[in-house]
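Participant: Shown below is the structure under consideration.
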Amino acid sequence: MEKTKYRDLIMRYLTALDPNQVITTEQVAQYVAEQLQLETATVKKTVNVNMARLEKEGQIVRLTKGIYCRKVKTAFGYYTPDKETLFCKQLLRNENEVIGYETGLSALNRIGLVSQMPKKRCIATNLHMKRIPKGMQIEIRKPPIIVNADNFRYLQILDAIRELDMAPVDTARPVDVVRATVQKFALETDQLILMARKYYGQKTLVRTIDIMLEGSYESARG
């Protein structure tokens, strides 16, 4: 197959993407293979060569091995989306599939439990073995179970409950913040407790029951 044909297909795929979306050579190869009715392995080498050429031409930017992003055109010229943000997106989603969630101090900060702004953003992800590019302030953790769209909010809340006593929580009523977050995401108390029992330690289970069923956690902490 002529190289120009590969390039045309790759450019068609890239221009259809959201400018802030992470591009992986694996996904590009799958698209090209589908268009040419070939196996992905057959086209992968040529796709890699074309992606490298596009990078040299300045049309895409390499984040790390096999991962790229597009330059975004504005009225003031081109800019490159923040590489760290794009890398985090790759850890959180695979196209429309949820594969991770924010956790640790950065999540507690977003929820409103701590005012301290951590240096690193912490992500629990199915890609927990992935190598973090040098210089990126990202911490990767292995989630208790495989993350998906149905469970990631539950896991995020349970992680927060587990870390309440270890983190520098400085909000006046942390229990209220946790309950408000559970309500905001319309999470079911029974499911939250069930997941705590199955995937977390005894302390987190008891703490979850106390918080969600208005137990003695608040007075015990004081």
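Please treat every number below as a calculation from the coordinates, not as lab data. Note that the structure is predicted; figures quoted are calculated from it, not measured. Heads up, the Cβs are rebuilt from the backbone with ideal geometry, glycines too, and the neighbour counts pull from every protein chain shown.
Participant: Rounding to the nearest 10 and keeping the result within 0 to 90°, find how far the Cα-based axis of helix 202-212 lies from the longest principal axis of the chain.
Facilitator: Between the helix axis and the principal axis of the chain, the angle is about 80 degrees.
Participant: Can I ask one more? Could you give the angle, 0 to 90 degrees to the nearest 10, between helix 83-92's Cα long axis and the longest principal axis of the Cα atoms of the chain?
Facilitator: 70
Participant: How big is D, in µm² s⁻¹, for the stretch 3-79 by Stokes-Einstein at 25 °C and 0.890 mPa s if Rh is the Kirkwood radius over C-alpha pairs?
Facilitator: Answer from the Stokes-Einstein relation: 194 µm²/s.
Participant: Listed highest first by mean packing, meaning other Cβ atoms within 10 Å per residue, what order do 182-192, 155-165, 16-26 come in?
Facilitator: Working: 182-192: 12.9, 155-165: 20.8, 16-26: 15.5.
Sorting 182-192, 155-165, 16-26 by mean packing, highest first, produces 155-165, 16-26, 182-192.
Participant: Oh, and also: Whole percent per 5 Å bin, from 0 to the bin with the longest distance: what is P(r) over all C-alpha pairs of the stretch 137-222?
Facilitator: 3, 13, 27, 26, 19, 9, 3, 0
Participant: Using θ = phi - 60° and the Karplus curve 6.51 cos²θ - 1.76 cosθ + 1.60, what whole-Hz ³J(HN,Hα) does each residue of the stretch 161-173 get, with Gly and Pro shown as x?
Facilitator: 4, 4, 9, 4, 7, 8, 8, x, 5, 10, 7, 5, 10
Participant: Relative to the longest principal axis of the C-alpha atoms of the chain, give the angle of the C-alpha long axis of helix 3-16, reported between 0 and 90° and rounded to the nearest 10°.
Facilitator: Value to nearest ten degrees: 30.
Participant: Another one. Per residue, how much space in cubic angstrom lies within the convex hull of the C-alpha atoms of the chain?
Facilitator: 157
Participant: Something else about it: Suppose every K and R has +1 on its Cβ and every D and E has -1 on its Cβ; what is the size of the dipole of the chain about the Cα centre, in Debye to the nearest 20? If you can, show how the numbers build up before the last one.
Facilitator: Numbers: 35 positive and 25 negative charges, 197 e Å.
That gives a dipole near 940 debye.
Participant: Calculated FRET efficiency, Arg141 and Glu214, Cβ-Cβ r, R0 30 Å, to nearest 0.05? Display every interim value, and only then the final one.
Facilitator: On the way: r = 30 Å, r/R0 = 1.00.
With a Förster radius of 30 Å, E is 0.50.
Participant: Could the peptides 9-15, 107-113 be put in order, highest first, of the mean number of other beta-carbon atoms found within 10 Å of their residues?
Facilitator: On the way: 9-15: 16.4, 107-113: 19.3.
Most protected by this proxy first, the peptides run 107-113, 9-15.
Participant: Using modelled backbone amide H atoms (1.01 Å from N, in-plane), which distant-in-sequence or interchain residues come within less than 5 Å of Cys122's amide H?
Facilitator: So Cys122 has HN proximity to Thr103, Ser106, Ala107, Glu139.
Participant: What percent does the relative contact order of the chain come to when contacts are Cα pairs within less than 8 Å and at least six residues apart? Please list the in-between numbers first.
Facilitator: Details: 274 pairs, mean separation 29.6, N = 222.
The value is 13 percent.
Participant: Something else now. What do you get for GluC sites (Glu not before Pro) in the stretch 84-119 restricted to DSSP loop and a cutoff of at most 12 other Cβ within 10 Å of the site's Cβ?
Facilitator: On the way: sites: Glu84, Glu95, Glu97, Glu102; in loops: Glu95.
Taking the stretch 84-119 and a limit of 12 other Cβ atoms within 10 Å, the loop GluC sites (Glu not before Pro) found are Glu95.
Participant: Show me the three semi-axes of the equivalent ellipsoid for the stretch 78-183, from the C-alpha gyration tensor (sqrt of 5 times each eigenvalue), largest first, rounded to whole Å.
Facilitator: Numbers: eigenvalues 115, 57, 31 Å².
The equivalent ellipsoid of the stretch 78-183 has semi-axes of 24, 17, 12 Å.
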